[in-house]
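In what follows, a structure is listed as C-alpha cells, so that the remarks can point back to it.
The values are calculated or read from the model by the stated rules, or taken from the named source; none is laboratory data. Keep in mind that this is a model prediction, so the values were computed, not measured. Here the Cβ positions follow ideal geometry from the backbone for every residue, glycine too, while neighbour counts run over all protein chains shown. To get the accessible areas, we keep the full protein, side chains included, count just its heavy atoms, and leave off ligands, DNA and RNA. Shrake-Rupley method; radii C 1.70, N 1.55, O 1.52, S 1.80 Å.
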Amino acid sequence: MEGKGVIFCAIVSVLGIISAATGLAGEFTRVKADDITAKNDECVYPSSPALALGIISAVIAIITQIYISLTVGGTRCCSKNPSASPISNSFYGLSRAATVIAVILLFVAAALNNKEGGQVDSYGYFTCYVVKPGIFAAGAVLALLSAVFGIAAYVTAAPPTTETTTNPAVAYPVGANVDPEKSPAPFLPQQYPPRQ
C-alpha cells in the first residue's frame, strides 16, 4: 500500500477508535436506575457526561463516514467507480449502514439519558426513563465497525499496482524462420559527433 493508503487507513482508524471510545465512555457514565430519585412525581437525574459523550461519538462517526465517502469514491448512488469491485461496493454499503445505525443509537441513548420527567405506567406506578444497558456500547461497536468496513472498501477498491517494464524497441526482420533468440538484433555503439 502506498503512502496515500496508509494515511487514509490511519485517519479512519483514529477517528473510529475515538468514536468507539467516547461511545463506551458514555455507556460507563450513563445514568442508572439506582442513581435517579423521584420527588413529587418528578424524576431527579444526577449530572452525567454521557449526553456529551454520546453526541461527540455520533458526530465523530458522521465525520468518519464523510471522509470515507469522499475518499473511497464520492457518491456511489449517481456514478459507479470503474476501479471498484463488487466486494468494495459491499464493504462501502456496510460502512454506511453501520454508521446510520450507530448514529441513531448514540443520539437516542444520549437523549434518553438526560430525559427529565417520568410517567405513570399501566399499573399506576410512577416510572422514570433510563437508558437500557448496552445501547451506548452497541452504537460504539457499530461506529468502529463502520470504520473497519470503510478501510476494507478502500483496500479492495484500490487498483492493483502493476509494474511495467520498458524494453527497448527492437526491429526484427520479417521473414520465414527468424528466431530472435538465436539471432538477436545487433546493438550498435552510441555514435557521438566529432569534437571541433
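A few notes on this one:
- Filter result for V130 (part of a loop (DSSP other than H, G, I, E, B), at pLDDT 75 or above and either exposed (fewer than 14 other Cβ atoms within 10 Å of the Cβ) or in contact with a helix residue (DSSP H, G or I) (Cβ under 9 Å, 6 or more places away or on another chain) (or both)): yes
- Condition met for V178 (at pLDDT below 75, exposed (fewer than 12 other Cβ atoms within 10 Å of the Cβ), in a loop (DSSP other than H, G, I, E, B) and more than 52 Å from the chain's Cα centre (by Cα)): yes
- Subset of segment 39-90 [of a type in the set (A, V, I, L, M) and either at pLDDT below 75 or more than 30 Å from V130 (Cβ to Cβ) (or both)]: I66, I68, L70, V72, A84, I87
- Residue satisfying all of: in segment 1-14; touching a residue at least 60 places away in the same chain (Cβ under 8 Å) and open to solvent by 40 Å² or more (accessible area, probe 1.4 Å); nearest to V103 (Cα to Cα) among these: S13
- Pairs where the first residue, in segment 84-110, is more than 16 Å from A147 (Cβ to Cβ) and of a type outside the set (V, I, T) and the second is open to solvent by 60 Å² or more (accessible area, probe 1.4 Å) and at pLDDT 90 or above, C-beta under 7 Å, 6+ apart: A110/I55
- Test result for S19, within 12 Å of F136 (Cβ to Cβ), touching a residue at least 40 places away in the same chain (Cβ under 8 Å), part of a helix (DSSP H, G or I) and out of contact with any Cys (no Cβ under 8 Å at 6 or more places or on another chain): yes
- Verdict on T37 being exposed (fewer than 13 other Cβ atoms within 10 Å of the Cβ) and either within 21 Å of F149 (Cα to Cα) or more than 26 Å from the chain's Cα centre (by Cα) (or both): yes
- If the condition is being open to solvent by 50 Å² or more (accessible area, probe 1.4 Å) and within 10 Å of the chain's Cα centre (by Cα), then segment 51-72 contributes I62, I63, I66, Y67.
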